[in-house]
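Notes for the one structure printed next.
The values are calculated or read from the model by the stated rules, or taken from the named source; none is laboratory data. In this text the structure is predicted, and so the values were computed from the model without any measurement. With ideal geometry, Cβ positions are generated from the backbone for all residues, glycine too; neighbour counts draw on all protein chains shown. Surface accessibility is based on the protein's heavy atoms, side chains included, excluding ligands, DNA and RNA. Shrake-Rupley method; radii C 1.70, N 1.55, O 1.52, S 1.80 Å.
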Amino acid sequence: MDSAEVIFSLFLVAVAAVSLLSNLLVLLCFAHSTEIRRQVPGVFTMNLSFCNILIAVLNMPATLAGIVRDRQPFGDCACRAVSFLDTFLTANSMLSVAALSIDRWIAVVFPLSYSTKMRYKDALIMVCYAWLHSLSFSMCALLLSWLDYSHVYASCTLRLSEERDRVKFTVFTVVFHAASFVLSLLTLCFTYLKVLKVARFHCKRIDIITMQTLFLLVDIHPSVKQRCLAEQRRRKQRATKKISLFIGSFIICFAPYVITRLTELLPFVGINRHWGIISKCLTYSKAASDPFAYSLLRQQYKKVLVTFVNKVLRRDLYPSSGHNSSMDTENDYCLQRIT
């Protein structure tokens with residue numbers, strides 16, 4: 001291995017560790033909170049975390065072995081199985097992110113009719129569609145023997161087996177990425193831009209009310225006015241930053257790989273191995289960023305994690321059930337202050 005491949009390997013190990021831990025925390029919150037399980041977004045988040053965990057446990061180690069050994073890491077059958085999962089999980093995670101954006105769009109744009117437009121049954125139908133969509137492309141690639149080890153990406157993934165199948169493989173690859181990446185990206189852009197429009201409208205109304213209030217309060221201290229104006233600016237930037245994070249992370253993580261896969265369909269174009277590995281590693285980094293973007297940084301998930309850690313610490317510090325209840329209250333307060 002050269003120095004670049006050593007860096008790629010270390011990056012993959014770090015991404016796999018962060019992805020596995022963070023997504024397990026999301027599933028832990030889902031298992032311990034009836035409130036999260038009751039909510040519709042929890043269905044999409046659980047499906048996304050499940051896909052990310054499988055990617056971290058199966059696909060990332062396979063790519064790491066391919067980089068380290070500089071050849072196919074294991075037998076043909078195992079490699080085809082990993083390739084099948086690579087195609088299935090990548091498409092499924094893209095569609096899960098798109099489903100989350102649709103849920104947020106309905107919740108923000110149609111808040112009064114959200115409970116009727118997005119029911120638990122509707123969420124399950126959307127998840128089933130994501131599975132059937134991903135499974136159909138994976139099965140098609142498996143039946144046509146297009147799942148194999150690719151030296152360019154150091155991964156078991158989609159690969160053209162015979163030159164005479166180039167036209168079929170080209171059509172399949174274009175349709176696959178159009179139905180997965182492009183469809184999800186268009187959905188993200190449409191839904192989140194609508195959400196941003198509504199958020200800015202509400203911010204504008206709040207700003208008008210705030211300015212009217214400040215105008216009436218003539219005796220208010222100038223520092224208070226400055227804090228109010230600063231909060232107005234932060235409120236405007238907050239929605240833009242969140243939506244930029246959702247759309248930007250999707251593009252940064254998936255677009256280089258998709259563009260590379262489409263570019264290599266041209267018979268006269270050769271893909272550099274280092275760039276192929278970089279683009280593949282970027283897709284893996286999405287599995288590590290998703291839990292923070294969609295779950296763990298939300299107050300609801302933080303509360304569940306604090307409660308769970310509190311229970312674990314209490315069980316370790318007080319094995320018997322007869323400890324002082326006042327000490328419990330003090331421990332709860334200290335733990336909340338720390339977290």
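Taking the condition of being assigned to a helix (DSSP H, G or I), closer than 26 Å to Arg159 by Cα and touching a residue at least 12 places away in the same chain (Cβ under 8 Å), how many residues in the stretch 260-306 meet it?
Looking only at that region, the number is 19.
For Phe84, are the conditions met, namely being under 28 Å from Ile252 (Cβ atoms), of a type outside the set (S, T, N, Q) and open to solvent by 80 Å² or more (accessible area, probe 1.4 Å)?
It is false that Phe84 is under 28 Å from Ile252 (Cβ atoms), of a type outside the set (S, T, N, Q) and open to solvent by 80 Å² or more (accessible area, probe 1.4 Å).
In the stretch 119-149, which residue that is surrounded by 20 or more Cβ atoms within 10 Å (Cβ to Cβ), of a type outside the set (Ser, Thr, Tyr) and not in a helix (DSSP H, G or I) is farthest from the chain's Cα centre (by Cα)?
Among residues in the stretch 119-149 that are surrounded by 20 or more Cβ atoms within 10 Å (Cβ to Cβ), of a type outside the set (Ser, Thr, Tyr) and not in a helix (DSSP H, G or I), the one farthest from the chain's Cα centre (by Cα) is Trp146.
Can you confirm whether Thr263 is over 29 Å from Ile53 (Cβ atoms), surrounded by fewer than 16 Cβ atoms within 10 Å (Cβ to Cβ), hydroxyl-bearing (Ser, Thr, Tyr) and modelled with pLDDT under 90?
The answer is no for Thr263.
Please go through the stretch 260-290 and pick out each residue that is within 19 Å of the chain's Cα centre (by Cα) and hydroxyl-bearing (Ser, Thr, Tyr).
Ser279, Thr283, Tyr284, Ser285, Ser289
With aliphatic (A, V, I, L, M), at pLDDT 90 or above and surrounded by fewer than 19 Cβ atoms within 10 Å (Cβ to Cβ) as the only criterion, which of Val15, Val68, Val43, Val26 stands out?
Checking each option against the conditions leaves just Val68.
Considering Ser19, Ser96, Ser83, Ser9, which residue is of a type in the set (Gly, Ala, Ser) and under 21 Å from Arg159 (Cα atoms)?
Ser83
Of all residues in the stretch 150-168, which are among the hydrophobic types (A, V, I, L, M, F, W, C), touching a helix residue (DSSP H, G or I) at 6+ places or on another chain (Cβ under 9 Å) and not in a loop (DSSP other than H, G, I, E, B)?
Listed by number, the residues that qualify are Cys156, Leu158.
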